[in-house]
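Novice: Mind having a look at this structure? Questions to follow.
The values are calculated or read from the model by the stated rules, or taken from the named source; none is laboratory data. The structure presented is a predicted model; accordingly, all values stated were derived computationally and were not measured. Here the Cβ positions follow ideal geometry from the backbone for every residue, glycine too, while neighbour counts run over all protein chains shown. The protein model used for the area step is the full one, side chains on, heavy atoms only, and it has no ligands, DNA or RNA in it. Shrake-Rupley method; radii C 1.70, N 1.55, O 1.52, S 1.80 Å.
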Amino acid sequence: MKTYKGFFRPKNPQKYMGDPRNIIYRSRWELKLMMYLDDHRDVIKWGSEEVVVPYRSPIDGRVHRYFVDFVVTKINKEGKRETSLIEVKPAAQTKPPERQTKKTKRYLTEVMTWGVNEAKWNAAREFCEDRGWTFHIFTEKELGISF
């Protein structure tokens, strides 16, 4: 599968929270969401990796910085402003790995990655709850992407 990385050039740079000349996408899924956010009339502001959430890693017990993929402020159906943090991940990475009887290097890596992701997402949920925001994980399903 080809990897997609590059710079996104928004049609509506005034909606972008950071430097609109330095928006980097790391997957076609991120690119698709960027195009959607840039074009959508209800989106007031959006940013990519503009919000940093501290989290404690279960691997080393230290506090690290989680750069959440997207922050979005939009007008909801009731006409009120609402802010969300959005993480973009393949659906396969949003579930813990299935238990294996043989502890291969790959399996151990998947377990560690899951543990770190779960710690990041729990920290993001708390971060959002403290601010009256919401946290979402978007997969290929939410983004309408198939292989």
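Novice: Please enumerate the residues belonging to the range 92-120 that are within 27 Å of Arg131 (Cβ to Cβ) and either in contact with a Lys or Arg (Cβ under 6 Å, 6 or more places away or on another chain) or aromatic (Phe, Trp, Tyr) (or both).
Specialist: Of everything in the range 92-120, just one residue is within 27 Å of Arg131 (Cβ to Cβ) and either in contact with a Lys or Arg (Cβ under 6 Å, 6 or more places away or on another chain) or aromatic (Phe, Trp, Tyr) (or both), namely Trp114.
Novice: Does Ala91 count as buried (at least 17 other Cβ atoms within 10 Å of the Cβ) and touching a residue at least 40 places away in the same chain (Cβ under 8 Å)?
Specialist: no
Novice: Considering only residues that are open to solvent by less than 50 Å² (accessible area, probe 1.4 Å) and over 11 Å from the mean Cα position of the chain (by Cα), look in the range 55-71 and name the one that is farthest from Pro13 (Cα to Cα).
Specialist: Among those residues, the one meeting the criterion is Gly61.
Novice: Mind checking which residues of the range 24-54 are open to solvent by less than 50 Å² (accessible area, probe 1.4 Å) and touching an Asp or Glu at 6+ places or on another chain (Cβ under 9 Å)?
Specialist: Trp29, Glu30, Leu33, Trp46, Ser48, Val53
Novice: Let me ask something else about it. Return the residues of the range 95-117 that are in contact (Cβ under 8 Å) with a residue 40 or more places away in the chain, open to solvent by 40 Å² or more (accessible area, probe 1.4 Å) and within 18 Å of the chain's Cα centre (by Cα); say none if nothing qualifies.
Specialist: Of everything in the range 95-117, nothing turns out to be in contact (Cβ under 8 Å) with a residue 40 or more places away in the chain, open to solvent by 40 Å² or more (accessible area, probe 1.4 Å) and within 18 Å of the chain's Cα centre (by Cα).
Novice: Quick check on my filter: what residues within the range 133-143 are touching a residue at least 24 places away in the same chain (Cβ under 8 Å) and either outside any helix (DSSP H, G or I) or open to solvent by 70 Å² or more (accessible area, probe 1.4 Å) (or both)?
Specialist: Passing the criteria: Trp133, Thr134, Phe135, His136, Ile137, Phe138, Thr139, Lys141.
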